[in-house]
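The values are calculated or read from the model by the stated rules, or taken from the named source; none is laboratory data. All values reported here derive from a predicted model rather than from experimental measurement. With ideal geometry, Cβ positions are generated from the backbone for all residues, glycine too; neighbour counts draw on all protein chains shown.
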Amino acid sequence: MKLILLSLLLLLLPGLLLAQNAPRPLAPVPPMQPPGMPVSPGYSAVPTTLPDNYQITLILTEKDKEKDGDPLEISLVVASRTFTAVLADSGVNFGGDLTLEESGSILVNYNLGWETPVPPKSNQPPQIVGSQYMSSRTTGSVRLKVGEELQIIRAGTRTATLSIQKLPLAKAK
């Protein structure tokens, strides 16, 4: 009898151990929503469009003792909450979303990224050809009044300033 019980235990033990270690289904994870958006399943009280056209302007400047370059100005006109600009020639990515607040302020959630060329080191082998870049990125939220300008980042000799203007609606011809 003991031999039969021992045999059954040896037969069932690997199955029991595997069942305990079997992966269990994970609970579904709700999708991430950008800051400023309400979290309510299947419904968003925030419209995807704005009642007016807005011009968002980002000015990137770099102050260098040897050379002061011209500022890079990125200006977008939008009537939607979200905006994106990917500018390969300048290595800048700029995007985000806008929320109109009852106070008259505009909440701007932004993402700003840029690439900086890295000069070759003097001890680099000559067979390495091409440019190398370092990526930088910042994300944040600011409240702006129409016509207001705000410095959103200063990193070393670089600064980024953000402003927003309300534009008049275009008249039909």
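Could you tell me which of the residues L87, L107 is under 25 Å from T159 (Cβ atoms), surrounded by 11 or more Cβ atoms within 10 Å (Cβ to Cβ), modelled with pLDDT of 95 or more and among the aliphatic types (A, V, I, L, M)?
L107
Would you mind stating whether P125 is assigned to a loop (DSSP other than H, G, I, E, B) and modelled with pLDDT under 95? Give the derivation first.
Values: assigned to a loop (DSSP other than H, G, I, E, B): yes; modelled with pLDDT under 95: yes.
Criteria met by P125.
Whether any residue in segment 63-71 is part of a strand (DSSP E or B), modelled with pLDDT of 70 or more, out of contact with any Cys (no Cβ under 7 Å at 6 or more places or on another chain) and surrounded by 10 or more Cβ atoms within 10 Å (Cβ to Cβ) is what I want to check. Step through it out loud before you land on a result.
First, the residues of segment 63-71 that are part of a strand (DSSP E or B): none.
No; the residues of segment 63-71 include none that is part of a strand (DSSP E or B), modelled with pLDDT of 70 or more, out of contact with any Cys (no Cβ under 7 Å at 6 or more places or on another chain) and surrounded by 10 or more Cβ atoms within 10 Å (Cβ to Cβ).
When the residues of segment 142-161 are narrowed to those that are of a type outside the set (S, T, Y) and assigned to a loop (DSSP other than H, G, I, E, B), which ends up farthest from S103 (Cα to Cα)?
Residues of segment 142-161 of a type outside the set (S, T, Y): 142-156, 158, 160.
Adding the requirement that they be assigned to a loop (DSSP other than H, G, I, E, B) leaves 145-148, 156.
Values: K145: 9, V146: 12, G147: 15, E148: 15, G156: 34 Å.
Within segment 142-161, the match that is farthest from S103 (Cα to Cα) is G156.
Could you say which residue among G96, G113, G147 is at positive phi and either in contact (Cβ under 8 Å) with a residue 24 or more places away in the chain or surrounded by 13 or more Cβ atoms within 10 Å (Cβ to Cβ) (or both)?
Working: G113 fails: at positive phi; G147 fails: either in contact (Cβ under 8 Å) with a residue 24 or more places away in the chain or surrounded by 13 or more Cβ atoms within 10 Å (Cβ to Cβ) (or both).
Result of the check over G96, G113, G147: G96.
Among the residues of segment 74-89, is any closer than 22 Å to L50 by Cβ, among the basic types (K, R) and without any contact (Cβ under 8 Å) to a residue 24 or more places away in the chain? Let's see the steps before the verdict.
Pass one, segment 74-89, residues closer than 22 Å to L50 by Cβ: 74-86.
With the extra rule that they be among the basic types (K, R), the set shrinks to 81.
Next cut, without any contact (Cβ under 8 Å) to a residue 24 or more places away in the chain only: none.
No, there is no match, as no residue in segment 74-89 is closer than 22 Å to L50 by Cβ, among the basic types (K, R) and without any contact (Cβ under 8 Å) to a residue 24 or more places away in the chain.
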